[in-house]
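A.B. asks: Got a structure for you, questions after.
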C-alpha cells in the first residue's frame with residue numbers, strides 16, 4: 001500500500017443496534033420496576049416528504065425498543081401561538097417524557113419560540129436554549145442527538161479524544177457548535193471552520209479527528225487530511241443519480257485515514273438512537289426525582 005493506511009470503517013448501524021438492544025432491556029426493566037413506559041411525542045407540521053420519512057423512521061425506532069410514540073400532525077397553516085399551546089399540553093402530560101418538533105417548520109412559524117416552549121426535562125432533541133447553554137458549563141440535561149451519536153461512535157472504537165486536535169467543518173447550531181463544546185468538555189483542542197474560512201485545508205490537515213458537517217459533497221479531499229486521522233462524515237447529500245453521499249471523498253480518504261464513517265450507515269443511525277436514549281433517560285429521571293423533574297420547567 002506504499003505506506004498508506006487503509007481506514008477501519010466505523011459501522012454506525014452495528015453500534016446503533018448494540019445500543020438499541022441494551023436500551024430495550026433497560027426499558028423492559030424500567031416498566032417492570034415502575035410500571036412506567038417511556039413516551040415520546042413527535043410534532044409534524046405540514047406534509048414535507050423528507051420530514052414525513054424522518055418521523056416514520058423515528059416512530060419505528062421507538063417501537064423497536066419499547067418506547068410509546070405519539071405523532072401529532074398539523075396543517076402547514078398553524079400559527080406559532082397555537083403550536084406552543086399544543087406543546088404546553090404535552091409538557092403537562094405525565095405519560096410523555098420527550099417532545100420532538102420535526103424541523104424545518106413553515107417560514108411563518110417562530111422556530112426559537114416553539115423550541116423554547118418545550119419543557120427542558122422533555123427536550124430530548126437537546127435544542128432548548130437551556131440545554132445548549134448547559135453544554136458550555138457542562139450542566140446540560142440532554143445533549144443534541146447527532147453530536148451525542150458522534151461521541152458514542154468515537155467511544156465505540158476506543159478513540160482517544162483527550163488532548164487531540166479536532167477540526168469541525170460546519171458551524172451549525174444542531175451539529176457544529178454543540179459538537180465543539182462536547183469535545184472540549186472531553187479535553188480536546190477544537191477549531192471550527194465554516195463557509196467563510198479561508199484556505200480550509202490549512203486547518204483540516206492538522207486534525208487528529210476531523211468532523212465534517214457542511215452539507216457539500218466531496219468538500220474534503222485526500223490531500224486535505226493528515227495520514228492516520230479519524231474522519232467522521234456527518235454530511236448527507238442526495239446526488240443527481242439518486243445515491244447518497246457524504247461531505248468527504250470516501251474512497252480517497254479511506255486510503256489515508258485510520259478510521260472513517262460511511263454515508264449512509266455511519267452517523268445517521270446514531271442520531272435516532274441517541275433520541276431513544278434521551279427519552280429513556282427522561283423517563284428514568286422522572287421516576288427517581290419526581291419533584292425535581294417537575295421543577296425543571298422554566299418560568
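Yes or no, residue by residue, for (1) under 23 Å from residue 119 (Cα atoms); (2) modelled with pLDDT under 95; (3) outside the structural domain of residue 109 (by TED's automatic domain parsing):
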| site | (1), (2), (3) |
| --- | --- |
| 15 | no, no, yes |
| 28 | no, no, yes |
| 48 | no, yes, no |
| 53 | no, yes, no |
| 68 | yes, no, no |
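A.B. asks: Could you check region 97-108 and list, in sequence order, the residues that are in contact with a strand residue (DSSP E or B) (Cβ under 7 Å, 6 or more places away or on another chain) and in a loop (DSSP other than H, G, I, E, B)? Quick ask: steps written out before the conclusion?
C.D. replies: The first filter runs over region 97-108 and keeps only residues in contact with a strand residue (DSSP E or B) (Cβ under 7 Å, 6 or more places away or on another chain), leaving 97-102, 105-106.
97, 102, 105, 106, listed by residue number.
A.B. asks: Just one of (1) touching a strand residue (DSSP E or B) at 6+ places or on another chain (Cβ under 9 Å); (2) buried (at least 19 other Cβ atoms within 10 Å of the Cβ); (3) free of Cβ contacts under 8 Å to residues at least 40 places away in the same chain trips up residue 128, so point out which.
C.D. replies: (1) is the only condition that residue 128 fails.
A.B. asks: Output the number of the condition that residue 73 fails; it satisfies all remaining conditions of (1) under 17 Å from residue 123 (Cβ atoms); (2) in a strand (DSSP E or B).
C.D. replies: Among (1) under 17 Å from residue 123 (Cβ atoms); (2) in a strand (DSSP E or B), residue 73 violates only (1).
A.B. asks: Taking region 205-219, which residues are assigned to a loop (DSSP other than H, G, I, E, B) and either outside the structural domain of residue 161 (by TED's automatic domain parsing) or in contact (Cβ under 8 Å) with a residue 40 or more places away in the chain (or both)? Can you show your working first?
C.D. replies: Within region 205-219, the first condition is being assigned to a loop (DSSP other than H, G, I, E, B), and the residues that meet it are 205-208, 213-219.
Answer for region 205-219, where residues must be assigned to a loop (DSSP other than H, G, I, E, B) and either outside the structural domain of residue 161 (by TED's automatic domain parsing) or in contact (Cβ under 8 Å) with a residue 40 or more places away in the chain (or both): 206, 207, 208, 213, 214, 215, 219.
A.B. asks: Here is a further query. Inside region 156-204, can you point out the residues that are surrounded by fewer than 17 Cβ atoms within 10 Å (Cβ to Cβ), assigned to a strand (DSSP E or B) and touching a helix residue (DSSP H, G or I) at 6+ places or on another chain (Cβ under 8 Å)?
C.D. replies: Result: 191, single match.
A.B. asks: If you take the residues of region 220-234 that are surrounded by 18 or more Cβ atoms within 10 Å (Cβ to Cβ) and touching a residue at least 40 places away in the same chain (Cβ under 8 Å), which of them is farthest from the chain's Cα centre (by Cα)?
C.D. replies: Going through the qualifying residues, I end up with 220.
A.B. asks: Failed condition for residue 151, given (1) touching a helix residue (DSSP H, G or I) at 6+ places or on another chain (Cβ under 7 Å); (2) part of a loop (DSSP other than H, G, I, E, B); (3) over 24 Å from residue 87 (Cβ atoms), with all others met?
C.D. replies: Among (1) touching a helix residue (DSSP H, G or I) at 6+ places or on another chain (Cβ under 7 Å); (2) part of a loop (DSSP other than H, G, I, E, B); (3) over 24 Å from residue 87 (Cβ atoms), residue 151 violates only (2).
A.B. asks: Related question: Against the definition (in contact with a strand residue (DSSP E or B) (Cβ under 9 Å, 6 or more places away or on another chain), free of Cβ contacts under 8 Å to residues at least 40 places away in the same chain and on the phi > 0 side of the Ramachandran plot), how does residue 176 come out, yes or no? Spell out how you get there, then give the answer.
C.D. replies: Values: in contact with a strand residue (DSSP E or B) (Cβ under 9 Å, 6 or more places away or on another chain): yes; free of Cβ contacts under 8 Å to residues at least 40 places away in the same chain: yes; on the phi > 0 side of the Ramachandran plot: no.
Answer is no for this residue.
A.B. asks: Does residue 6 fit the bill of being outside any helix (DSSP H, G or I) and either out of contact with any strand residue (DSSP E or B) (no Cβ under 6 Å at 6 or more places or on another chain) or free of Cβ contacts under 8 Å to residues at least 12 places away in the same chain (or both)?
C.D. replies: Spelling it out, residue 6 is indeed outside any helix (DSSP H, G or I) and either out of contact with any strand residue (DSSP E or B) (no Cβ under 6 Å at 6 or more places or on another chain) or free of Cβ contacts under 8 Å to residues at least 12 places away in the same chain (or both).
A.B. asks: May I ask you to verify whether residue 281 is surrounded by fewer than 23 Cβ atoms within 10 Å (Cβ to Cβ) and either in a helix (DSSP H, G or I) or at pLDDT below 95 (or both)? Walk me through how you get there before you give the answer.
C.D. replies: Values: surrounded by fewer than 23 Cβ atoms within 10 Å (Cβ to Cβ): yes; either in a helix (DSSP H, G or I) or at pLDDT below 95 (or both): yes.
Yes; evaluated as a whole, the condition is true for this residue.
A.B. asks: Output yes when any residue across region 234-241 is touching a helix residue (DSSP H, G or I) at 6+ places or on another chain (Cβ under 8 Å) and closer than 25 Å to residue 143 by Cβ, and no when none is. So that I can check it myself, show each step before the final result.
C.D. replies: Initial filter on region 234-241 (touching a helix residue (DSSP H, G or I) at 6+ places or on another chain (Cβ under 8 Å)): 234, 236.
Adding the requirement that they be closer than 25 Å to residue 143 by Cβ leaves 234, 236.
Yes.
A.B. asks: Let me ask you something else. One residue is enough: does region 49-56 have a residue meeting the conditions farther than 19 Å from residue 278 by Cα and either over 24 Å from the mean Cα position of the chain (by Cα) or touching a residue at least 24 places away in the same chain (Cβ under 8 Å) (or both)?
C.D. replies: Here is the first cut: in region 49-56, the residues farther than 19 Å from residue 278 by Cα are 49-53.
Restricting the remaining residues to those that are either over 24 Å from the mean Cα position of the chain (by Cα) or touching a residue at least 24 places away in the same chain (Cβ under 8 Å) (or both) gives 51.
Yes.
The values are calculated or read from the model by the stated rules, or taken from the named source; none is laboratory data. These numbers come from a predicted model, not from an experiment. Neighbour counts run over all protein chains shown; Cβ positions are idealised from the backbone, glycine included.
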